[in-house]
1. Report yes if Q337 is away from the ligand (no atom under 16 Å from the Cβ) and in a helix (DSSP H, G or I), otherwise no.
2. Can you list the helices (runs of 4 or more DSSP H) lying wholly within the range 1-108 that have 1 or more residues being away from the ligand (no atom under 16 Å from the Cβ)?
3. I need the helices (runs of 4 or more DSSP H) fully contained in the range 225-325, keeping only those with at least 1 residues that are touching a Lys or Arg at 6+ places or on another chain (Cβ under 9 Å).
4. Just checking, which of D321, D325, D331 is within 16 Å of the ligand (Cβ to nearest atom), modelled with pLDDT of 95 or more and closer than 30 Å to C261 by Cα?
5. Scanning the range 109-132 for residues that are under 15 Å from A33 (Cβ atoms) and surrounded by fewer than 18 Cβ atoms within 10 Å (Cβ to Cβ), which turns out nearest to the ligand (Cβ to nearest atom)?
6. Considering only the range 193-215, I want to know if a residue exists there that is within 30 Å of S39 (Cα to Cα), in a helix (DSSP H, G or I) and either within 16 Å of the ligand (Cβ to nearest atom) or among the polar types (S, T, N, Q) (or both).
7. Considering only the range 341-389, how many residues are buried (at least 19 other Cβ atoms within 10 Å of the Cβ), among the hydrophobic types (A, V, I, L, M, F, W, C) and under 33 Å from the mean Cα position of the chain (by Cα)?
8. Please count how many residues of the range 430-449 are of a type in the set (D, E, K, R) and in contact with a strand residue (DSSP E or B) (Cβ under 7 Å, 6 or more places away or on another chain).
Amino acid sequence: MAGKAWGGVFDEKTDARVEKFTESISFDSRLAAVDIRGSQAHARMLAEVGLLTDDECRQIVVTLDDIGQQIARGEMLWKTELEDIHMHIESALIARIGDVGRKLHTARSRNDQVATDLKLYVRDALTMLGGLLLELQRAFVERCESDADVVLPGFTHMQRAQPVMAAHYWLAYCEKFQRDRERLADCLKRVNVLPLGAAALAGTSLPIDREVTARLLGFTAVAANSLDVSSDRDFLAEAIFDLSLIAVHLSGWAEEWILWCTTEFGFLKLPDAYTTGSSIMPQKRNPDVLELIRGKSARVIADVQQILTLLKGLPLAYNRDLQEDKLAFFDALDTVQACLELAPSIARHAKLQVATIEARLEEGFLDATTLMEYLISKGVPMRTGHEVVGRLVRHCESQRCKLVDLPLSELQLACDKIEADVSQSLGVKNVVARLSSFGSGGRIAVAEQVAAWRERVKR
Ligand code: ARG
């Protein structure tokens, strides 16, 4: 068992199939850079408390840099028998500097090491994702300017409801992505608690100083219970959930645009660069990218299921099950990252088909609710107003006309509170001028939000 870091107690060689079954190097090699960062900080702390000399520490830090570069160049040979990234890097260190390298793992276990690596990795990943979400928000805010005068029908139950400014639609997604960014930032609070120093599960009798390690690695606090630390993957479950909600938001947007690109809607034209053709139907321009953004959300949702099921029923401290945690996180991360990298270009380059939208904008009684509110402002009880307008809509449907087409006398027959000023509450243009409550889709309220958002996403 000479080759194994933990081989001392063993007489027999590990079965080759067991090595293959238990390895994680095939998926945790991407932790190399953070593993090295963590080890360098650990070595510096060991030197500070006198467990390494300054020269030993220097040798370790410099050699780890070297190993990091070798890995980055793709020159490290991954070996199943070395199990994981931690063993690969430590054995490369020992191969180069011998006994000094054999001191690095002092007062440390792979249990607190892997938890630390993951937190460093997740921290970088969440920061990167926050940047991608901001870029997508910028794309939507730019659309507010280019589509400044466009009015869209708003839908509930996918049925025409009330009109809103197009910018209101863009900013609705900005709000969702803002909450996503806030969730990532909040998750970072719990990521930023240092596991290292918990050692295997009980801490150590050696005089380590975890505050030093925390400071060197940019953690804001030190985990206070060594038994909790090596089993704690709450931060990972949270991060994956946060990713799943981003994926869910993206999938709703994708679904909407897939509908908008249909001949039936005709609201939107996607740029050629983001559509694909059919192998048999020459006329097709398919929204495959949007369909895959919608479809890939399924994987991220499954990743939430995987991490929670993995953690369910695990007794305290490290259990090997935890090795599988990385698969869920990396999959969720890669999937959401790929979607977020494509989304801003699609958002920027899709063209609203304004003529088509406007041609049918007066259909569907988008002004019915505002007419009811006009009645309320004239002292009619809400429920009565609702009934009056409902009857008027039914009348229009039978006459195949719009509310705005009805002569004043006919409106007054339905309700004697109606006066000539009713015309200012009818028709889509008037409606978006009248919607004025904070957060509404009306022209002035939306303009205020656009101004605020422009500030928020400013470079
Ligand atoms: N490869 C392992 C993981 O990803 C590292 C920790 C192994 N610890 C142990 N005691 N076997 O979780």
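1. Taking the combined requirement at face value, the residue satisfies it.
2. Hits in the range 1-108: 16-22, 32-48, 54-72, 85-97.
3. Because the criterion is at least 1 residues that are touching a Lys or Arg at 6+ places or on another chain (Cβ under 9 Å), the helices (runs of 4 or more DSSP H) in the range 225-325 that meet it are 234-260, 288-311.
4. Only one candidate qualifies: D331.
5. Top of the filtered list is D124.
6. yes
7. 5
8. 1
The values are calculated or read from the model by the stated rules, or taken from the named source; none is laboratory data. The shown structure was predicted, so the numbers you read here are calculated from the model rather than taken from an experiment. In this analysis, Cβ positions are derived from the backbone assuming ideal geometry, glycine residues included, and neighbour counts consider all displayed protein chains.
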